[in-house]
Each structure stands twice: as C-alpha cells, then as structure tokens.
Amino acid sequence: MAINFEKAVGRATADFAKMTAEDLDTWNEMNDAEHRSQYLRFIDGYQRDHCYLCDKDFKTVSKESPCVHWLLRRGKFKNKDIVLIAQKFGYINICAYLRWCANAERFAANINDLKDEAPEGKILSSTIKWKNIEWSFDCAPSDFSGHGGSHSNFPHYHFQMRIDGKQFINFNDYHLPFSDHDLFMLRLSKEPGMHFDFGSHGIGMQDAMEIDPEDIVNHTSPTENEEEAAFNIQTMIIAPNEPLRGEDISAAFEESKRTGRTMASIFRERFEGADVEVSSIVSPSETVPKITPRTEHKPR
C-alpha cells in the first residue's frame, strides 16, 4: 500500500507543534542517546575491521545478507551489488554509515556537502572520501519525481564509486530507489522549523563551515600536514601607524608551535587594544574532496 507522505508529514508536524519545550528537549535527548549508542557500536567494530550492522568482518560479502560495509571494498564486492545494498538500506542509512567511516579517518573534511560547491538545483550532491575510495551521491529534481521508463519512473538517486581514482560504479549505471524512510525525512525537512542532518558523528564540511568563525580560530589547532586540515585560515594584519615587526611574527609562530593555538588567535591576543586590525578568513581546506558532478542525460 502506497504511503501518503503529505498526510504523514502533516501528522508529524502537528505532533511536534503540540510538544512543549520540555517535551522537545526530552525527544532530542532520546535521539541523541540513540545516535551515540549506535555510533559507539559502530566505532568499536570499525577499529576491529568488523561491521556492527551485520556482525561480520569487513572482508565478508554474503549475498544472502547485503550490507553497507561492502562499499568499503574489503571483500569481493561487485558493481551490480550496489542495487542489493540500496534496496535494503536506502539512501540515508547508506550515507550515514559512509560518513561515519570517513569521519573516523578525518573529521568533517573528508565529506564535501558544501551547498556553494554543489551544482545548482540539485536535491542531493555530495562526495565522501575514505582511504583510497570516493563515494558520490546525486539527485536532480527529475530523478526525485521519477522520470523516464519503468527502469526509472520512481523517486531515485544516482551513486558513483571510485577506487584509486578509477571508476568502479558510474552515476548512470543504476537508478537507486529512495526508501519510504528517505522520502518521509526528505519531505519533512522542507517544513518550517524542521531540519535533517546526520548527527554529530556524521557532519560534513557544510556543518563545519556553519560553526562560528571565531570558534574555529580560537579552538582549532594548526597542523603541518595539509592532509589532516579541515580549515584554511588566512589572517591579515593592518598596522597603519607602526610597521609590524618581524620579531612579533616570529614570536607568534613559536607560540603557535608550543601551544597548538592558531596564529590568528595569538595575533588577536597580542594586539588587543593596539591600533592594529587583525582579520581572518576561514575557508575549507584545499584537501577537502571536490564534489563529483554528474552529467544528466536529457531526452532528445
């Protein structure tokens, strides 16, 4: 029986509207606790190359029990097997798992879901990097509405997988169906006051760049290895009445190495109250993977 998502969303928003502030706090705490519990089971298994979902080793591929961990390509996972995974788990669950894997290696910076870098008009557009693998998700409005013949006349998304930079699954190989849960959550997220995300352990660069720049400057640590960086912080110092001394820059650099603080935060502290303007620009690291674009096939 087909689900009427408009009615389901209407009921959900009505239920939320009836909640008191205390009810919402309790509901959020319960969701956070469940998210945390699942993540702890995930990371415990991940550190042992073991999947918490199917309770099997990452190298195990059992066609009787499709699992998202196949996408780590530790076993004999074939191109067409993505259909089995998609049918069982749906977009949100697949994406959440891959985000957790990516963030276990480098937090946020392995996930490019930046709206400013996504092709215009897309419903979904992101690329996730994990070790030597990149996964990309793409969905245009025509995909979501279900275009074309019987092979694609349902709400679907496209998926690409690269291994060592080489194509393993192409965007247009398959039309992967959204689950009912996916469709409900995507529709609900359009309602005023409703927000969907992948939780604190699944954040990507979009969420990271929405952090207050002051907090990034004051609470991140510099690294000499660009591959470990999530942000690029450029700082400009203007001293109109007195030239900046080389000793000041050298002292700030040494303090940064010693304390693990950013140069920007040190300069702001050192020149506080002086006739010196210190401004910083925070941007994503150059090593954040680029969003892989998909060329849509247009009907003739």
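The values are calculated or read from the model by the stated rules, or taken from the named source; none is laboratory data. The model shown is predicted, which means the values in this text are computed figures rather than measured ones. Ideal geometry is used to build each Cβ from the backbone, glycine not excepted, and the neighbour counts take in all protein chains shown.
A compact table of results
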| item | result |
| --- | --- |
| Residue in segment 78-88 that is modelled with pLDDT of 95 or more, over 21 Å from Asp182 (Cβ atoms), in a loop (DSSP other than H, G, I, E, B) and not aromatic (Phe, Trp, Tyr) present | no |
| Residue list for segment 89-122, filter: surrounded by fewer than 17 Cβ atoms within 10 Å (Cβ to Cβ), assigned to a loop (DSSP other than H, G, I, E, B) and more than 13 Å from the chain's Cα centre (by Cα) | Pro119, Glu120, Gly121 |
| Long-range neighbours under 6 Å by Cβ, at least six apart or interchain, first residue basic (Lys, Arg) and crowded, with 19+ Cβ neighbours inside 10 Å within segment 279-300, second at pLDDT below 95 and in a loop (DSSP other than H, G, I, E, B) | none |
| Test: Lys59 is more than 22 Å from Gln206 (Cβ to Cβ) and at pLDDT below 95 | no |
| Of the criteria (1) exposed (fewer than 15 other Cβ atoms within 10 Å of the Cβ); (2) in the same structural domain as Ile128 (by TED's automatic domain parsing), which one His201 fails | (1) |
| Some residue of segment 51-74 being part of a strand (DSSP E or B), in the same structural domain as Trp135 (by TED's automatic domain parsing) and under 22 Å from the mean Cα position of the chain (by Cα) | yes |
